[in-house]
Amino acid sequence: MHSTQRRSKFYTDFPLCSDRASDLGIPVKLTIPSILRVAFCGVLFFAVAACEQSADDSLSRRQLQLVQEENARLVALVARIDPDNARTTALENGKSTDQNVAVLSAANERLRGIYRSDEQRRSAEKNLVVRTGIERAVEEIRGLKFKKPVQYEVLDRKDIRAALRKRMDAVFSPEEFEEYARAQARIGLLPEKFALREKLIALLGEQVAAFYDQHEHRLYMYSDATLENSMNRVILSHELMHAMQDQHFTLSKLPLTEKHNDDSAVAASALIEGEATLLMGDYAVQNPSAGMVLENLGAMFMQNTAELATAPRYLSETLIFPYQQGIKFASYGMDSGGWEAISRAFANPPRSTSQILHPEKYWGVREDPLRVEWADLKFEGKPAQVDNVVGELGVRILFTNWHDAAVAAKASEGWRGDRYLSFASGDCLVWKTIWASNADAIEFFAAEEALLRQRYKAQSPVSVERRWESNRPRALRLVRNDRAEVLLVDAPDSAKALALEEQFGR
Ligand SMILES: [Zn+2]
């Protein structure tokens, strides 16, 4: 039984272009079991004691008394788990007080080590039991079985960024990142000279508590994310859904790392995250122990974090979109054909964010995006450094940046396709958009014209029907044809603008 009403209670609070930063949905709280904190208490004292060789006699005796007391406590603790190793360390008469402190300190350190590893072992065993329970719950809710055991790997927090860096480097070179950021800046989606790669690593490193790697087919969990925490259990149900998707639908078949169509990559990711978030919601509803989490499910997505709060809108919105809008998309499919409909969607995934924003364009009469085709992709003998698609979501974010959310929603609707090419490290850009009707093309034209005027403080612009241009400070051309297409040319001078329009404007 699935109630969309119940779901919408939790998920409809997220306006697409909100100024509030939302989360990737996988936050975590650092939780050290209190018993371990107790066991760590003595460490600072001993470090000090070891350095202060010249401490006077009475201080030394006091230290000795304290390490002896600590020794007795630790021996009692270890006796319960490993009696053979629970020996009291006796004082040696021939040694000085300081030497005895050192001997006892070393013994205590050893006992503490035994206690800690046992604590870790027990917590790992406990995690295994909890994990198995969540796996069964995921199977139950989704109505599918895991085909093979899920592979788990525990990762230290300090290793996260290294792991993320490795994953990113496997897909994009640092140069590709730079060219991409320059092209995005030229369009107006990112600030100029934006350190995209570093910001992404920082953003993802901050957000994740666990993640599923579809290339390694492995579920990574963070060592500090204990499953005693109900929120972490809910997050695990989400990640387990990814493992399930991978086993049944092979996630690497989806265009998630597609380099020339960001729009289709975000759309595919919305299917994946939408389903996993939907399942996560059901898991939370069915587990009363997770009741607290349920109430905070909204907060979970809206959690403000430093990196996200300072990220350009384009980054934060495209990161959040697959969760926030993906769940609405998946719910729409569920309502029409249950989980079966979602399973079928993996064989033929949504191809544009337009289909995610307007689920009827996927689940109803399907409307796939139109492709902009150009015969020759070289300009002045050189291939485009970036060849990509902005998409309806991108247009919406762009106009939210430069206008407001209402203008953005209106001007981006009716998107049917687009493509842009960037040359000379973002100094030359062509961007062609295709619209459902001339009225839609006119709306986009007007919003883009206003953006260019405002952004470049365009001097002496000339406007004739279907055409707007300015030559300073940049050579800008905005041209609409009678096929509801709009071409933008953004070049350093009018000769280049003319050449670009000649080549890509037909
Ligand atoms: Zn996910």
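Quick note: the coordinates plus some simple rules give every number you see, no bench work behind them. Because the structure is a prediction, the values reported are computed rather than measured. When we count neighbours, we look across all protein chains shown, and the Cβ atoms used for this are built from the backbone with ideal geometry, even at glycine.
What to note about this one:
- Here, the range 153-216 is characterised by an Rg to Rh ratio of 1.03, where Rg is the alpha-carbon radius of gyration and Rh the Kirkwood radius.
- Sorting 444-451, 264-271, 369-376, 71-78 by their mean Cβ neighbour count within 10 Å, with the most densely packed peptide first, gives 264-271, 444-451, 71-78, 369-376.
- Extension gain for the segment ARG453 to GLN151, taken as residue separation times 0.36 nm less the Cα-Cα distance, is 103.3 nm to one decimal.
- Hydrodynamic radius (Kirkwood) for the range 116-252, which is based on Cα pairs only, to one decimal in Å: 16.9
- Computed FRET value (nearest 0.05) for SER173 with ASP427, which takes r as the C-beta separation and R₀ as 30 Å: 0.90
- Within straight-line cross-link reach of LYS158, lysines at Cα separation under 21 Å, skipping those fewer than 8 residues along the same chain: LYS29, LYS166, LYS199
- Prolate/oblate/rounded label for the range 362-506 (Cα gyration tensor, a/c 1.5): oblate
- Cβ-based charge dipole, the range 378-504, positive-most Cα from ALA458, TRP402, ILE434: ALA458
- Within the range 488-502: backbone nitrogen closer than 13 Å to the TRP374 label point (7 Å, Cα to C-beta): 488-491, 497-502
- Segment VAL129-ALA309, extension gain: residue separation times 0.36 nm, minus the distance between their alpha carbons: 61.1 nm
- Whole-Hz ³J(HN,Hα) from phi, Karplus 6.51 cos²θ - 1.76 cosθ + 1.60, for the range 311-324, glycine and proline x: 6, x, 3, 4, 6, 5, 5, 6, 6, 7, 3, x, 7, 5
- Across LYS253/LYS361; LYS145/LYS328; LYS259/LYS457; LYS126/LYS148; LYS259/LYS378, pairs whose alpha-carbon gap is larger than 29 Å: LYS259/LYS457
- Between ASP118 and LYS95, the modelled labels are 2.3 nm apart [label points 7 Å from Cα along Cα→Cβ].
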